Amino acid sequence: MTMASAFEYAPAPESRAVVDIAPSYGLFIDGEFTEAADGKVFKTVSPSSEEVLSEVARAGAADVDRAVKAARKAFEKWSALPGSERAKYLFRIARIIQERSRELAVLETLDNGKPIKETRDADLPLVAAHFFYYAGWADKLDHAGYGANPRPLGVAGQVIPWNFPLLMLAWKIAPALATGNTVVLKPAETTPLSALFFADICRRAGLPKGVVNILTGYGDAGEALVTHPDVNKVAFTGSTAVGKAIARSVAGTDKKVTLELGGKGANIVFDDAPIDQAVEGIVTGIFFNQGQVCCAGSRLLVQESVQDEVLDALKRRLSTLRLGDPLDKNTDIGAINSAEQLARITALVETGEAEGAERWSAPCELPSSGYWFAPTLFTNVTQAHTVARDEIFGPVLSVLSFRTPDEAVAKANNSQYGLSAGIWTEKGSRILAVANKLRAGVVWANTFNKFDPTSPFGGYKESGFGREGGRHGLEAYLDV
Amino acid sequence: MPTTAPAFSDATASDSALRRFLFGLPGVDAVGLEARAASLGTRSIKTTAKAYAIDLAISMIDLTTLEGADTPGKVRALAAKAVNPDPLRYAPPRLSSDPLDAEPDRMTPHTAAVCVYPDMAATAAAALAGSGVKVASVATAFPAGRASLDVKLADVRDAVAAGADEIDMVIDRGAFLSGRFLKVYEEILAVKAECGTARLKVIFETGELSTYDNIRRASWIGMLAGADFIKTSTGKVATNATPANTLLMLEAVRDFRAQTGVQIGVKPAGGIRTTKDAVKFLVLVNETTGEDWLDPHWFRFGASSLLNDLLMQRQKLSTGRYSGPDYVTVD
């Protein structure tokens with residue numbers, strides 16, 4: 001026929017014009033944007049193009065001290081407000097986030113490199129939902145299960161990662177404010193911008209000065225923050241190595257700590273699984289946000305009797321993933337967040353090949369500038385392979401097989417991590433039986449990477465401790 | 001006469017064998033299936049891709065009238081529209097500022113077929129002779145299918161004799177829902193035998209089958225029995241074609257070709273009224289079965305009002321504005 005040409009999707013870029021990024025930003029301390037005490041700055045680039053987006057102040061120890069003092073000063077009045085009053089601010093912030101969600105989605109995509117489809121449909125709706133959810137708790141803390149009138153801790157020092165910049169901010173700030181704490185938050189150095197936009201939202205919401213302070217900077221600022229003597233609560237999401245260092249640094253203090261660290265989630269596909277949907281779940285599990293997700297389903301455990309069928313279907317599906325301009329609404333796979341992370345992924349994949357695992361990468365052309373990695377899977381992987389044990393934090397799936405449910409559970413639990421797991425089977429009794437045996441903070445059944453503010457999230461073993469989200473998430477910010 | 005694909009001949013050896021085969025197919029997780037369909041529904045199809053999709057969708061329409069009030073005049077009007085969907089575009093010479101002049105060959109395609117009741121098939125055949133537009137006729141006591149096999153087969157013979165190029169049959173949902181799968185299968189075989197060279201579309205009435213597992217099983221019964229197309233629905237019940245049930249059927253034909261080498265078409269019908277809807281279905285095809293099915297020989301829309309919306313969107317692409325309902329023909 002005459003129309004035999006393929007259905008090529010024309011470019012459908014979201015407009016950059018909806019976001020106005022200033023050439024430079026200061027630290028947000030005590031309600032004002034201010035330069036770093038030593039005047040230091042750093043650049044933040046768009047990982048998909050390496051274009052410099054802005055120059056932001058680089059916080060040092062003196063700035064951390066200033067911010068903690070501001071938070072301490074604000075704590076007295078903020079914590080004394082009735083919960084219903086604090087709720088009003090949180091509801092206001094949530095509504096402003098919703099109103100500005102398109103702008104924030106574009107900003108996040110520019111600074112992080114993830115597809116606009118994800119920031120638009122996942123990150124931003126969840127950010128707003130998180131503020132709405134904890135706004136609802138602010139005047140109901142008496143009924144949270146911690147006795148009458150539970151008290152806040154004081155100043156929370158929060159350090160968040162670059163994979164979900166605004167969402168991790170929401171996970172940290174919403175429960176902290178709802179419970180009456182004040183915060184000093186440090187976003188990751190590669191993704192500072194959405195936190196700075198959030199600072200502007202706080203101002204527009206009329207949030208009292210000093211309740212939220214944002215310090216952009218590097219690891220030294222994070223370290224100064226978590227070790228500051230006047231910080232009462234430390235919340236960290238990031239790598240297990242840094243998490244261990246934080247745990248050591250707060251040992252012997254009375255700081256309350258929650259750590260949300262790495263993972264090597266097992267996605268278990270039984271032979272009675274809904275195969276087409278399991279394939280979608282495997283894709284969502286490891287290629288959502290280019291696999292830069294602590295709870296990613298980075299280990300596929302597939303029952304040997306359906307292994308070939310599942311792998312064929314998976315490869316066929318991966319070949320349809322659209323990698324490219326993150327602002328294009330049809331992009332499925334965006335850029336890796338930084339050159340450093342790309343180097344880490346590349347090195348681990350090389351190790352996988354050197355150790356004899358069989359690599360397969362989706363056929364796709366990588367853009368010439370920016371940081372990119374094609375969706376990749378490894379077969380012939382055993383528990384002994386590095387790619388089966390170490391967190392890669394990239395779009396790389398390790399495929400292992402199992403023969404029986406017991407073996408699946410044993411292999412899934414055989415990890416230093418314990419953050420997430422998935423179970424795929426049409427048999428309800430198997431879901432319940434296996435879920436009870438998995439040592440993972442989140443177990444998804446016939447789905448993966450589903451998030452909701454009402455659901456607690458956190459890890460076993462080296463994946464951290466404490467829970468964020470839901471009623472459980474209040475505990476980390478209350479003196480109980 | 002086409003018979004069961006050899007790879008699966010055991011599956012249809014007996015009622016119990018067929019049941020075992022159908023219940024051995026992987027289950028369908030409804031939440032996951034609908035989420036995948038919805039996610040493909042967010043694809044943004046713009047400019048050249050939209051122009052391609054609109055013309056492809058027009059060429060895939062089975063322009064349908066299935067009413068008690070159908071008359072030869074109504075059928076002839078519909079046939080004329082199928083052959084020449086957009087007469088106003090051909091009428092006066094186009095202005096030189098018309099962007100479509102850059103692509104002078106891009107005429108509005110004709111639809112794939114006109115779909116009528118058997119007693120209107122002869123009228124449609126006469127009106128469409130030589131046009132390239134096929135005559136499709138529903139048969140087998142459409143839409144309920146509640147008649148004896150002999151009556152159903154006579155219905156098919158009648159339509160074929162009247163010049164139908166394609167037969168749209170309904171399966172016996174009563175037999176299916178009571179677990180008599182072999183009866184459903186054998187009835188399709190019998191109808192196929194009456195079709196001669198006419199292509200057979202097998203309608204499952206997905207709204208009555210109710211579950212996605214049933215739709216997958218029905219798809220396999222149809223494919224095993226030699227259907228040329230599997231089709232969602234009659235358009236006569238509350239739930240007709242949806243992105244999810246069409247995605248599921250696309251997965252079935254994809255898997256069937258992978259295992260047998262035999263390609264089978266898919267026809268969602270009923271409820272697809274806008275260009276936006278149609279484009280979403282084409283995205284489902286593109287990303288599930290791939291471009292081999294992006295062809296009116298392998299994918300159809302059972303629709304009537306869809307055509308005018310596609311034409312209005314087509315005009316919008318070339319003129320930059322919506323011209324309104326008076327610039328497309330009523331039928």
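The values are calculated or read from the model by the stated rules, or taken from the named source; none is laboratory data. Owing to the predicted nature of the structure, the values given are computational and were not obtained by experimental measurement. Neighbour counts are summed over all protein chains in view; Cβ atoms, including those assigned to glycine, are modelled from backbone coordinates with ideal geometry. Note: areas computed on protein heavy atoms with side chains; ligands, DNA, RNA excluded. Shrake-Rupley method; radii C 1.70, N 1.55, O 1.52, S 1.80 Å.
What the table below lists for this structure:
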{"read-out": "Qualifying residue in the stretch A:251-262 (condition: over 22 Å from the mean Cα position of the chain (by Cα) and open to solvent by less than 10 Å² (accessible area, probe 1.4 Å))", "value": "no"}
{"read-out": "Per-region count, the stretch B:277-309, residues within 14 Å of chain A (Cβ to nearest Cβ) and not aromatic (Phe, Trp, Tyr)", "value": "19"}
{"read-out": "Listing of helices (runs of 4 or more DSSP H) fully contained in the stretch B:100-184 that carry 2 or more residues being more than 14 Å from chain A (Cβ to nearest Cβ) and surrounded by fewer than 17 Cβ atoms within 10 Å (Cβ to Cβ)", "value": "B:149-161, B:173-177"}
{"read-out": "Any hit, the stretch A:55-62, residues being assigned to a helix (DSSP H, G or I) and modelled with pLDDT of 95 or more", "value": "yes"}
{"read-out": "Of all residues in the stretch A:11-33 being in contact with a Phe, Trp or Tyr (Cβ under 8 Å, 6 or more places away or on another chain) and not aliphatic (A, V, I, L, M), the one that is surrounded by the fewest Cβ atoms within 10 Å (Cβ to Cβ)", "value": "A:33"}
{"read-out": "Condition check for residue A:109: within 14 Å of chain B (Cβ to nearest Cβ), of a type in the set (Ser, Thr, Tyr), closer than 28 Å to residue A:205 by Cβ and crowded, with 23+ Cβ neighbours inside 10 Å", "value": "no"}
{"read-out": "Test: residue in the stretch A:205-212 that is at pLDDT 95 or above, under 20 Å from residue A:25 (Cα atoms) and part of a helix (DSSP H, G or I)", "value": "no"}
{"read-out": "Near pairs, Cβ below 6 angstrom, 6+ apart or cross-chain, from the stretch B:25-43 (within 9 Å of chain A (Cβ to nearest Cβ) and modelled with pLDDT of 95 or more) to any residue that is in a loop (DSSP other than H, G, I, E, B) and open to solvent by 40 Å² or more (accessible area, probe 1.4 Å)", "value": "B:27/A:426"}
{"read-out": "Selected residue (criterion: nearest to residue A:110 (Cα to Cα)) from residues of the stretch A:54-69 that are open to solvent by 20 Å² or more (accessible area, probe 1.4 Å) and in contact (Cβ under 8 Å) with a residue 40 or more places away in the chain", "value": "A:58"}
{"read-out": "Matching helices (runs of 4 or more DSSP H) fully within the stretch B:218-331 where at least 3 residues are within 23 Å of residue B:144 (Cβ to Cβ)", "value": "B:243-260"}
{"read-out": "Sole exception among (1) part of a helix (DSSP H, G or I); (2) buried (at least 23 other Cβ atoms within 10 Å of the Cβ) for residue A:236, by number", "value": "(1)"}
{"read-out": "Qualifying positions in the stretch A:1-19 - touching a residue at least 24 places away in the same chain (Cβ under 8 Å) and more than 14 Å from every other protein chain (Cβ to nearest Cβ)", "value": "A:16, A:18, A:19"}
{"read-out": "Residue in the stretch B:42-54 that is of a type outside the set (S, T, N, Q), open to solvent by less than 60 Å² (accessible area, probe 1.4 Å) and outside any helix (DSSP H, G or I) present", "value": "yes"}
{"read-out": "Some residue of the stretch A:281-303 being open to solvent by less than 30 Å² (accessible area, probe 1.4 Å), over 23 Å from the mean Cα position of the chain (by Cα) and within 14 Å of chain B (Cβ to nearest Cβ)", "value": "yes"}
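Here's the yes/no breakdown for (1) aromatic (Phe, Trp, Tyr); (2) touching a residue at least 60 places away in the same chain (Cβ under 8 Å); (3) in contact with a Gly (Cβ under 8 Å, 6 or more places away or on another chain); (4) crowded, with 24+ Cβ neighbours inside 10 Å:
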position	(1), (2), (3), (4)
B:222	no, no, no, yes
B:259	no, yes, no, no
B:262	no, yes, no, no
B:266	no, no, no, yes
B:300	no, yes, yes, yes
B:313	no, yes, no, no
B:321	no, no, no, no
B:325	no, no, no, no
B:328	no, yes, no, no
